[in-house]
1. Which of (1) at negative phi; (2) under 16 Å from the mean Cα position of the chain (by Cα); (3) free of Cβ contacts under 8 Å to residues at least 12 places away in the same chain is the odd one out, the single condition residue 125 does not satisfy?
2. Restricting attention to the range 86-128, which residues are of a type in the set (Ser, Thr, Tyr), surrounded by 12 or more Cβ atoms within 10 Å (Cβ to Cβ) and under 19 Å from residue 65 (Cα atoms)?
3. Can you say whether residue 52 is under 13 Å from residue 23 (Cβ atoms), in contact with a Pro (Cβ under 8 Å, 6 or more places away or on another chain) and not basic (Lys, Arg), as far as the supplied structure shows?
4. For the range 4-17: of the residues being part of a helix (DSSP H, G or I) and within 22 Å of residue 89 (Cβ to Cβ), which is modelled with the highest pLDDT?
5. When you go through (1) surrounded by fewer than 21 Cβ atoms within 10 Å (Cβ to Cβ); (2) within 14 Å of the chain's Cα centre (by Cα); (3) within 17 Å of residue 131 (Cα to Cα) one by one for residue 71, which number turns out not to apply?
6. If I ask for residues that are surrounded by 14 or more Cβ atoms within 10 Å (Cβ to Cβ) and in a loop (DSSP other than H, G, I, E, B), which ones from the range 18-41 would you list?
7. Got a sec? Which of 59, 106 is touching a residue at least 40 places away in the same chain (Cβ under 8 Å), over 20 Å from residue 19 (Cα atoms) and of a type in the set (S, T, N, Q)?
Amino acid sequence: MLNLLYLDEYNLNPDYLETVLRHELGHVLGLGVIWDKRGNDLVDEDQALYRAETYAGQSYGELLGTGLPTAIPLDRDSLTHWDETLFDAELMTPNAEGIGDALPLSAMTISSLRDLGWRVNYGAAEAFSLGSDRP
């Protein structure tokens with residue numbers, strides 16, 4: 001597996017650089033890049049959804065407060081990130097926020113690593129909640 005990372009001067013702010021590196025490391029570990037490869041069938045590409053019947057789908061249901069496995073909206077342009085509009089400041093959305101803005105690693109993203117076969121530590125999850133303007 002190969003993943004390239006390009007940095008520009010804006011990215012050299014230490015706080016921003018850490019956030020970008022954490023995000024890109026997620027891709028190196030397989031987030032978004034092998035969701036539908038190597039026998040994984042985690043994404044419904046036609047609907048731009050990460051499947052409900054997964055560990056990440058269960059975590060999303062918990063985030064919604066229903067406790068029910070729920071399909072996760074993906075960024076329609078790439079199908080390799082969580083939906084920016086809904087998940088705005090989560091680490092694995094496609095757009096970084098401003099310098100100094102936290103992008104937490106949610107239990108949902110950690111669960112996606114588990115879906116890929118990684119042994120995970122949910123204790124590493126950072127506090128994350130959906131905004132009040134969610135659909």
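The values are calculated or read from the model by the stated rules, or taken from the named source; none is laboratory data. As the structure is a prediction and not an experimental result, all values here were calculated from the model. Counting neighbours? That spans all protein chains shown, and the Cβs are built from the backbone with ideal geometry, glycine included.
1. Unmet condition: (3).
2. Matches in the range 86-128: 106, 109, 111, 112.
3. For residue 52, the condition - under 13 Å from residue 23 (Cβ atoms), in contact with a Pro (Cβ under 8 Å, 6 or more places away or on another chain) and not basic (Lys, Arg) - is not met.
4. The extreme case among them is 17.
5. (3)
6. Across the range 18-41, the qualifying residues are 29, 30, 31, 32, 33, 34, 35, 36, 40.
7. Within the list 59, 106, the selection yields 59.
Here's the yes/no breakdown for (1) modelled with pLDDT under 95; (2) under 24 Å from residue 126 (Cβ atoms); (3) out of contact with any strand residue (DSSP E or B) (no Cβ under 9 Å at 6 or more places or on another chain):
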| position | (1), (2), (3) |
| --- | --- |
| 34 | yes, yes, yes |
| 50 | no, yes, no |
| 67 | no, yes, yes |
| 82 | no, yes, no |
